[in-house]
Amino acid sequence: MKTEASSAVARPQAVEIAERPERHFSGLGVSAGIAVGPAHVVERGLIDVPEYRIEDEAIETEIARFSDAVTLSASQIRNLQAQAETLPEEVAGQLRHLLDAHLLMLTGSRLVRGVEARIRDARINAEAAVQVQLSEIAQAFAVMEDPYLAGKIDDVREASARLVRNLTRAGYQAFSGLPPGTIVIAEEITPADTALMDPARIGGFAAAHGGAEGHTAIMARSLGLPAVLGVADLAGAVRSGDVVAVDGVRGGLVVNPGEATIARLERRRRALERRERQLARLREVAAVSSDGARVTLQCNIELPNELPQAQEAGAEGIGLLRSEFLYMNREEPPSEDEQYVALKEIVAGMEGAPVTVRTLDVGSDKLAYSLGEHIAPSVNPALGLRAIRLSLKTPALLEAQIAAILRAGAHGPVRILVPMITSVKEIRQVRKAVDKMVRKLTRARVPITDTPPLGIMIETPGAALAADALADACDFFSLGTNDLTMYTLAIDRGDDQVAHLYDPLHPAVLRLIRFATDAARRAGIPVNLCGELAGNPRFTAMLLGFGLRDLSMAPPNVPRVKQRILALDAEAATRHAEELLSQSEAGRIAKLIDAFPDDS
Ligand code: PEP
Ligand code: MG
């Protein structure tokens, strides 16, 4: 892991100044920082794999390894087919069609034959051969006139991705063979891909798709990786090995930057680094406004390996642990024991500060291959079997998670947070599951915590408007403004095409935040905000003005927000918030926010 001082910026490696012309691209700067390094272009739909040569005598063994992966892949698809038959006919029909196509790709297909030939002729390892063969097939499909046939490439991609996953069973060590400082370039980078990026190795990334509030962007900010998404004309513009510069502050990507550009970026990079160092000095300072309002600043993390960053930032707790990332990049969901070990590391590492573990929130843009069998393709995944809906449908998943949280609670304070709640009934069902697991573990004499507080995410307009009733049924609220904005405005948070319309300052969103915060106060339960609004100092006065005193954010944002709080007058912020709420237009609200002075 990087140190905090360097987390926002990646040092350029010894880069060669290319002779090819410098080209500039623009997109959404979703994670601040500047990085220059060699590009690594990833084929869509595949996790990245190392390529190595196979000795003559090892060729047959490599082909046998590939055959095993084909057999395993086919049997996984047949299992999925069997499960699909238990679903309602409409869904089962669609799924049958899809899985049949994937199975076809594994039986004597151009993909399978091509991979075998490549292992034999090019003497490369099986996973690299899959990647090369897929690229060749994709190129052939791309020039097809018939859109139906051209669309079939998705089936080849799916089958290839499955093969690679099965070949790399040893672990999803994607990007592991790359030189330090590599910039990953892809058409699309999923949240699961991002979770595999080690900031000690990856300098930053850019992709053609993705929005600023999708989970890929959130993960980039958590890891402190400079990133630019939604770079429209990226396809084919970069080759692996090109030198590229990612400017996550301004949303720029430069391919083959010349000397002058590199020097300019380097100056800006150093200035950012200096600022990070200055901010790091605030680590031990409490977040108190100039008129004495104390604010708790916690961190959002996804995996145990982000814990050092939260600790370095001076987090007063983990306000949101996105547990779904524990389910990604693996074949099977983690067992209760595995989850316990991961959670215990975080809980013990926080040394008495509270850790809020959110139960599984897969679905929408967060997909976990290991849970694929539980989630059939949905017409609209953001409105489908996401989060608590999946957990309640598969009690074994929920109960294993709860048991792991209860056991981790024996090592420090924990809270259970449930995503996408919309009704009191759902809270009651989860509480029942918690009580059941408390009884079960107690009977088995497993050391656990006393029943922890059970809270809910307020992240749909329905939940915000029903906040009074929900507050009576749970122990705390956590305001998820990322989804609240998405569902209130009906704008996908991860879609670059509508990213310009995604605006958490829309009056409707602000009113819902205010309403839910007030409902928590009326019910006397704690409330915090863990959406991306919390980590942006621009919005700190507004949130304090709404009465919020507990904010949870990506680790690099803690000092930035703290600095703003130290300079703010909370009383004035309250009057400011009232004025914001009386506005009818997001643009005007933004202007008022930017005009609000520090220490007024
Ligand atoms: C949110 O929706 O604001 C939130 C914090 O949850 P996530 O970003 O994981 O959906
Ligand atoms: Mg959410």
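Only one of the numbered conditions (1) more than 16 Å from ligand 2 (Cβ to nearest atom); (2) over 27 Å from ASN380 (Cα atoms); (3) touching a residue at least 12 places away in the same chain (Cβ under 8 Å) is not met by GLY319, and that is (1). Restrict the check to segment 531-538 and report whether at least one residue is under 24 Å from the mean Cα position of the chain (by Cα), within 16 Å of ligand 2 (Cβ to nearest atom) and among the aliphatic types (A, V, I, L, M). Checking segment 531-538: at least one residue is under 24 Å from the mean Cα position of the chain (by Cα), within 16 Å of ligand 2 (Cβ to nearest atom) and among the aliphatic types (A, V, I, L, M). For segment 295-313, the tally of residues that are open to solvent by less than 20 Å² (accessible area, probe 1.4 Å) and more than 19 Å from the chain's Cα centre (by Cα) stands at 3. Scanning segment 449-466 for residues that are touching a strand residue (DSSP E or B) at 6+ places or on another chain (Cβ under 9 Å) and within 16 Å of ligand 2 (Cβ to nearest atom) yields GLY455, ILE456, MET457, ILE458, GLU459, ALA463, ALA464. Whenever a residue of segment 447-475 is assigned by TED's automatic domain parsing to the domain that holds THR488 and part of a loop (DSSP other than H, G, I, E, B), its partners that are within 16 Å of ligand 1 (Cβ to nearest atom) and open to solvent by less than 30 Å² (accessible area, probe 1.4 Å), lying with C-beta atoms within less than 6 angstrom and at least six residues away or across chains, give the pairs PRO452/ILE416; PRO453/PHE476; GLU459/GLY480; GLU459/ASP483; GLU459/LEU484; CYS474/GLY455; CYS474/ILE456; ASP475/GLY455. When segment 372-401 is filtered for residues that are within 16 Å of the chain's Cα centre (by Cα) and either among the polar types (S, T, N, Q) or away from ligand 2 (no atom under 14 Å from the Cβ) (or both), nothing remains.
Scanning segment 389-433 for residues that are over 14 Å from PRO453 (Cα atoms) and within 16 Å of ligand 1 (Cβ to nearest atom), we see that the one that is most open to solvent (accessible area, probe 1.4 Å) is ARG389. The single condition among (1) in contact (Cβ under 8 Å) with a residue 12 or more places away in the chain; (2) closer than 13 Å to PHE66 by Cα that ALA138 does not meet is (2).
Test ALA192 against the criterion of being farther than 26 Å from ASN256 by Cβ, under 20 Å from the mean Cα position of the chain (by Cα) and open to solvent by 10 Å² or more (accessible area, probe 1.4 Å), and give yes or no. Judged against the criteria, ALA192 is a match.
Give the number of residues within segment 547-556 that are crowded, with 24+ Cβ neighbours inside 10 Å and either more than 20 Å from ASN482 (Cβ to Cβ) or within 16 Å of ligand 1 (Cβ to nearest atom) (or both). Walk me through how you get there before you give the answer.
Within segment 547-556, the first condition is being crowded, with 24+ Cβ neighbours inside 10 Å, and the residues that meet it are 551-556.
From what is left, the residues that are either more than 20 Å from ASN482 (Cβ to Cβ) or within 16 Å of ligand 1 (Cβ to nearest atom) (or both) are 551-555.
Residues that pass the stated criteria total 5.
Within segment 449-466, the set of residues being over 11 Å from VAL418 (Cβ atoms) and either of a type in the set (Phe, Trp, Tyr) or more than 13 Å from ligand 1 (Cβ to nearest atom) (or both) comprises THR449, ASP450, THR451, PRO452, PRO453, GLY462, LEU465, ALA466. Screening ALA499 with (1) modelled with pLDDT under 95; (2) within 14 Å of ligand 2 (Cβ to nearest atom) gives one miss only, at (2).
Would you mind stating whether ARG560 is under 24 Å from ARG294 (Cα atoms), over 22 Å from the mean Cα position of the chain (by Cα) and either part of a helix (DSSP H, G or I) or of a type in the set (Lys, Arg) (or both)?
Numbers: under 24 Å from ARG294 (Cα atoms): yes; over 22 Å from the mean Cα position of the chain (by Cα): no; either part of a helix (DSSP H, G or I) or of a type in the set (Lys, Arg) (or both): yes.
So ARG560 does not fit the description; no.
In segment 329-350, the count of residues that are within 18 Å of the chain's Cα centre (by Cα), within 16 Å of ligand 2 (Cβ to nearest atom) and in contact (Cβ under 8 Å) with a residue 12 or more places away in the chain is zero. Here ALA271 passes the criteria (1) open to solvent by 10 Å² or more (accessible area, probe 1.4 Å); (2) under 30 Å from ASN125 (Cα atoms); (3) at pLDDT 85 or above except the one numbered (2).
Looking at ASN528, ASN536, can you tell me which residue is within 16 Å of ligand 1 (Cβ to nearest atom), open to solvent by 40 Å² or more (accessible area, probe 1.4 Å), assigned by TED's automatic domain parsing to the domain that holds SER582 and not charged (D, E, K, R)?
Details: ASN528 fails: open to solvent by 40 Å² or more (accessible area, probe 1.4 Å).
On inspection, the qualifying residue turns out to be ASN536.
Determine if segment 484-497 includes at least one residue that is part of a helix (DSSP H, G or I), of a type in the set (D, E, K, R) and within 11 Å of ligand 1 (Cβ to nearest atom). It would help to see each step written out before you state the result.
As a first pass, look at segment 484-497 and keep what is part of a helix (DSSP H, G or I): 484-489, 496-497.
Cutting the leftovers down to of a type in the set (D, E, K, R) gives us 496.
In the following step, the residues that additionally are within 11 Å of ligand 1 (Cβ to nearest atom) were identified as none.
Within segment 484-497, not a single residue is part of a helix (DSSP H, G or I), of a type in the set (D, E, K, R) and within 11 Å of ligand 1 (Cβ to nearest atom).
The values are calculated or read from the model by the stated rules, or taken from the named source; none is laboratory data. Not measured: the values here are computed from a predicted model. Using ideal geometry, Cβ is built from the backbone for each residue, glycine included, and neighbour counts are taken over all protein chains shown. All accessible areas refer to the heavy atoms of the entire protein, side chains included, with ligands and DNA or RNA removed. Shrake-Rupley method; radii C 1.70, N 1.55, O 1.52, S 1.80 Å.
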